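This report refers to the structure that appears directly beneath it.
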Amino acid sequence: MTNNLPPIASPARTRAIMEEFGFRTKKQFGQNFLTNTDVLRRIVDAGEVTPDDDVIEIGPGIGALTEFLAASAHQVLALEIDTNLLPVLAETMGPYPNVTVLNQDVLQADLPALVAEHFDGQHNIKFVANLPYYITTPILMHLLTAPIEIAGITVMMQKEVASRLTAQPGTKDYGSLSIAVQNGMDVEVAFTVNRNSFVPAPNVDSAIVVLHKRQEPRAAIANQAAFTKLVKGSFAARRKTLWNNLQHLYGKETDAKVKIKAALNASDLEPSIRAERLSIEKFAELQKNLQNEGLL
Ligand code: SAM
């Protein structure tokens, strides 16, 4: 990289750094460090990280991905929850003046405030990370609901979660997470990563997912809270019919049943259909028709 040392991610250097600081990885923080420089290069390529970009990295660990980002991006802001990693990063990031490390839980982070404080407003903002897998979904939701203009999100996660994020209607992985993310974002799996590329090796395989904001959402949502309630409730008992799940949501008494039937009818939906068959657009239409019947 910019110095004469081998990359942080080379297995020998990773081992030497951990020994020097007496650092042991912690399961509760999802610490599985990448030790495959080829994978790191491909992550930076998948994120199309250039000097036009300011990058926020979630969980730098000992800095394996951070140094690759530093070599490609304008500025890198790395948020790390584990205080034991701060002295390690102070040393490993020493040669990279465009990297700032903050001791910060990303889920508690005020992202607009961090962006305003650390970036100049002249560069695209991208998120790139090898995520702590135990909080993949909360982190994605935190990023997607933050009021900042995000040019792209490129993140490693458990392969099963990547499948749910990209799933299409009619498949077993399609569910409320697919809908929550795909309405506003285009999502694709860039490549998958074998568990042997990490120290320690996780119990699961991994995938790099790239997300870009869509110009327009797939469906206009009449009422976001009511839409989320409808989608989650429709998948509550996946193997049961939509009709059955909707009664759990809105009531089993005659009046509620009549209204649900009317909304299904107005949406051209058979009561016997299962939620996994409904596109995002169809859920949006159903929510509007339920709302017209007074069901929120
Ligand atoms: N980027 C490094 C790599 O690729 O080798 C480490 C990735 S490791 C899978 C996840 C990192 O996220 C760890 O460094 C962990 O301490 C950190 N982490 C876990 N929970 C976090 C949180 N809530 N906020 C910020 N960082 C977190």
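The values are calculated or read from the model by the stated rules, or taken from the named source; none is laboratory data. Here the structure is a predicted model, which means the values were calculated and not measured. When we count neighbours, we look across all protein chains shown, and the Cβ atoms used for this are built from the backbone with ideal geometry, even at glycine. The accessibility values were calculated without ligands, DNA or RNA, using every heavy atom of the protein model including side chains. Shrake-Rupley method; radii C 1.70, N 1.55, O 1.52, S 1.80 Å.
In this structure, Gln28 and Asn265 have a Cβ-Cβ separation that, at R0 = 41 Å, corresponds to a calculated FRET efficiency of about 0.25. Around the Cα centre of the chain, unit charges on the Cβ atoms of Lys, Arg, Asp and Glu (plus for the first two, minus for the last two) sum to a dipole of about 1580 debye. Applying 1/(1 + (r/R0)^6) with r as the Cβ-Cβ distance of Glu19 and Glu188 and R0 = 51 angstrom yields a FRET efficiency of 0.85. Taking the DSSP bridge list for segment 11-213 and keeping only pairs wholly inside it, about 45 percent are antiparallel.
For segment 224-292, the square roots a ≥ b ≥ c of the C-alpha gyration tensor eigenvalues yield an a/c under 1.5, which makes the shape rounded. Here segment 11-213 has 48 percent of its accessible surface on carbon and sulfur atoms, given a 1.4 Å probe and all protein chains in place. Working ranking of peptides 237-249, 108-120 by packing, defined as the average number of other Cβ atoms within 10 Å per residue, highest first, is 237-249, 108-120. Shape analysis of segment 11-213 places it in the oblate category; the axes a ≥ b ≥ c from the Cα gyration tensor give an a/c of at least 1.5, with a/b not above b/c. Which links in Lys126/Lys240; Lys213/Lys259; Lys26/Lys159; Lys172/Lys259; Lys159/Lys259; Lys232/Lys259 stretch past 31 Å when you go from one Cα to the other? With Cα atoms farther than 31 Å apart: Lys126/Lys240; Lys213/Lys259; Lys159/Lys259. Toward the positive end of the charge dipole of the chain, with +1 on the Cβ of Lys and Arg and -1 on the Cβ of Asp and Glu, the farthest Cα among Ala275, Gln168, Ala12 is that of Ala275. Taking 7 Å steps out from each Cα toward its Cβ at Ala146 and Asn244 produces label points 4.1 nm apart. Which value in nm describes the separation of the simple spin-label points at Lys213 and Arg277, placed 7 Å from the Cα toward the beta carbon? Taking the two extended label points, one gets 3.6 nm.
In this label model, Glu253 and Glu160 are separated by 4.1 nm, measuring between points 7 Å along each Cα→Cβ vector.
Solvent-accessible surface of segment 143-296, averaged per residue with a 1.4 angstrom probe and all protein chains in place: 50 square angstrom. For segment 1-89, the solvent-accessible area works out to 43 Å² per residue, with a probe of 1.4 Å and every protein chain left in place.
What percentage of the solvent-accessible surface of segment 224-292, computed with a 1.4 Å probe over protein heavy atoms, is contributed by carbon and sulfur atoms? Within segment 224-292, the accessible surface is 47 percent carbon and sulfur. Placing one equal scatterer on every Cα of segment 160-234 and applying the Debye formula, the log10 ratio I(q)/I(0) at q = 0.13, 0.18, 0.23 Å⁻¹ is -0.48, -0.79, -1.07. Taking 12 Å as the cut-off, the amide N atoms of segment 70-107 that come nearer than this to a point 7 Å along the Cα-to-beta-carbon line of Glu117 belong to 101-105.
When the Cα positions of Gly184, Gly152, Ala207 are compared along the charge dipole of segment 150-243, Gly184 comes out farthest toward the positive end, with charges on each C-beta of Lys, Arg, Asp and Glu.
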